[in-house]
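Dumping the structure here so I can ask a few things about it.
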Amino acid sequence: MSRSLLPFDQEKAVVAVIELSSTSWLVAGTLPGIARRPLKKLDPDPAALSRLLDRWCEEATSKGRQIDRVIVAYEAGRDGFWLARWLQARGMETHVIHPASVAVSREHRRSKTDRLDTAMLMRVFLGWLRGERGHCGMVAIPSLAEEDARRPSREREKLVGEKTRIINTIKAAMQRLGIRGFNPALKRAAKQLESLTTPDGDPLPPNLRSELHRYLERLSVVREQIAMIERERLVRLEAAPDKKTNAMVLLLTRIVGVGIETADMLVQELLSRNLRDRRAVARYAGLTGAPDESGARRREKGLSKSGNARVRRGLIQLAWRFLMFQKGSGLAQWYRRRTVGDAPTPRKKMIVALARKLLIAFWRMVTTGELPAGVVLRPAV
């Protein structure tokens, strides 16, 4: 959210912001009835933070103020959301600030300390609490189960990248010796390695052969881990098909051309979120424009790319695949009408527009049941 929708009475609220680090926490507060702005450095201990906030509440109460709200905020970062959930479980209103939404000085060598950062966070947070736009934006705080549900898809993406890196490393080593036609992705690649020779008829150097065997062993482990993630996901879907997120995944996989990996990624990363309209859906994926306008100069800088990069990459790949498997759909016909006879560059730009339309169509499909026009579905199981 870009602003708070709740009425804010600063005379009845203790407001605190935290600058988190691995070695210490710097906590700044605003207390009603107390002119000073307290600043306290703590060890990374949530219990100590809770005691500090209780003491500040007692100080404000001793000045004759009634404390109705204890509001805490910190920037999203390496610590994630565990602290926000811990504070919320103890009755404290907690918000997580999106770091990129906070405006900072553009001076070449601006001063930056934890004390200055907490002062800046307090300034923008109070503006956000007053309901003013443009100060900062807040990140939705997921539950532990929601965070955990995203792990398999993200882990698989990393493992696929590791698999590609290993294969490319092996191919590059072979290329340096002039050996072509060796495919490290085959299961029999380790056996073929022993019989390979250079164009001069010499066997592979012993150190290189040992290194390539180790690469192939790592490749085998990565393949097994990818297969394990995919098997566990199928088990979860079969065990609870009526669960909200599982039902969304199964519905999307009925579309010809949409695989279970893409459907699971879209649901866990975006479609299961409570987004208010289609603009918010496209903006979260970073598929909206970035205009640059100043005086008579007006131009479009392209995609904002400020959203979820995983969703954006998956949607661009899905858009090309959608054109292959859903040629009779309304969206595919819309794309062809606007790119007929065009050069490759306009087609690449229009594929982004198709990806945005696909995302909004899938969002409507899983939330309202509205099917995209002309889309071919697999038979229900």
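The values are calculated or read from the model by the stated rules, or taken from the named source; none is laboratory data. Computed from a prediction, not measured in an experiment: that's the story for all the values here. Cβ placement follows ideal geometry from the backbone for every residue including glycine, while neighbour counts extend to all protein chains displayed. These area figures cover heavy atoms from the full protein model, side chains too; ligands, DNA and RNA do not enter into them. Shrake-Rupley method; radii C 1.70, N 1.55, O 1.52, S 1.80 Å.
If the elastic network links every pair of Cα atoms under 10 Å, which of 103, 285, 76 fluctuates the most in the Gaussian network model of the chain?
Most flexible of the set in this elastic network: 103.
Continuing with the same structure: Using a 1.4 Å probe on the protein chains only, how many percent of the accessible area of the chain belongs to carbon and sulfur?
Of the solvent-accessible surface of the chain, carbon and sulfur hold 51 percent.
Work out, step by step, the length gained on full extension between residue 260 and residue 171: first 0.36 nm times the residue separation, then minus their alpha carbon distance; give nm to one decimal.
Gain on stretching residue 260 to residue 171: 29.1 nm.
Given Cα pairs under 8 Å that are at least 6 residues apart, what percent is the relative contact order of the chain?
Once normalised by length, the contact order is 11 percent.
To the nearest 20 debye, what charge dipole does region 92-239 have about its Cα centre, counting +1 at the Cβ of each Lys and Arg and -1 at the Cβ of each Asp and Glu?
Charge dipole of region 92-239: 400 debye, to the nearest 20.
Under a Cβ-only charge scheme (Lys and Arg +1, Asp and Glu -1), can you give me the dipole magnitude of region 233-316 about the Cα centre, in debye to the nearest 20?
300 debye
With a point put 7 Å past each Cα toward its Cβ, work out how far residue 5 is from residue 279 in nm, to one decimal.
So the two model labels end up 1.5 nm from each other.
What value, in deg cm²/dmol to 500, does the helix sum -39500 (n - 2.57) over DSSP H runs of n ≥ 4 give at 222 nm once divided by the residues of the chain?
Here the helix-only value at 222 nm equals -16500 deg cm²/dmol.
Taking the C-alpha atoms of region 296-381, how large are the radius of gyration and the largest Cα-Cα span, Dmax, in Å?
According to the Cα coordinates of region 296-381, Rg and Dmax are 14.6, 58 Å.
Next up: For residue 284, what accessible area in Å² do you get when you roll a 1.4 Å probe over the heavy atoms of the protein chains, rounding to the nearest 10?
60 Å²
What accessible area per residue comes out for the chain, rounded to a whole number of Å², with a 1.4 Å probe?
57 Å²
Along the charge dipole of region 43-189, which of 62, 168, 98 sits closest to the positive end, that is, farthest toward it, with unit charges on the beta carbon of Lys, Arg, Asp and Glu (+1, +1, -1, -1)?
Toward the positive end, the furthest listed residue is 168.
Sorting check: for 300-313, 346-359, which peptide has the highest mean count of neighbouring beta carbons within 10 Å, and how do the rest follow?
Ranked by mean Cβ neighbours within 10 Å, highest first: 346-359, 300-313.
Also, I was wondering about something else. With charges set only on the Cβ (+1 for Lys and Arg, -1 for Asp and Glu), what does the dipole of region 196-339 come to about its Cα centre, in debye to the nearest 20?
Value, rounded to 20: 1080 debye.
What is the distance, in nm, between label points placed 7 Å from the Cα along the Cα-to-Cβ direction at residue 348 and at residue 296?
Going by the 7 Å Cα→Cβ label model, 3.2 nm.
Here's something else I'd like to know. Quick check: the distance between the Cα centres of region 1-17 and region 185-216, to the nearest angstrom?
65 Å
I would also like to ask the following. Gap in Å between the Cα centre of region 40-114 and the Cα centre of region 229-306?
Cα centres, region 229-306 to region 40-114: 31 Å.
Right, here's the next one. Taking the mean number of other Cβ atoms within 10 Å as a proxy for protection, how do you rank 252-260, 140-148, 323-331 from highest to lowest?
Answer by packing, highest mean first, reads 252-260, 323-331, 140-148.
Moving on to the next point. Would you kindly state how much longer the chain becomes between residue 305 and residue 54 on full extension, computed as 0.36 nm times their sequence separation minus their alpha carbon distance, in nm to one decimal?
86.2 nm
State the extension gain, in nm to one decimal, for the chain segment bounded by residue 69 and residue 107, taking 0.36 nm per residue of separation less the distance between their alpha-carbons.
10.0 nm
Would you list the P(r) distribution for the chain, with all Cα-Cα distances sorted into 20 Å bins from 0 and each bin expressed as a whole %?
All Cα pairs considered, the percentages come to 21, 41, 32, 6, 0.
Work from the charge dipole of the chain (Cβ charges, +1 for Lys and Arg, -1 for Asp and Glu, about the Cα centre) and give the residue of 288, 274, 346 farthest towards its positive end.
346
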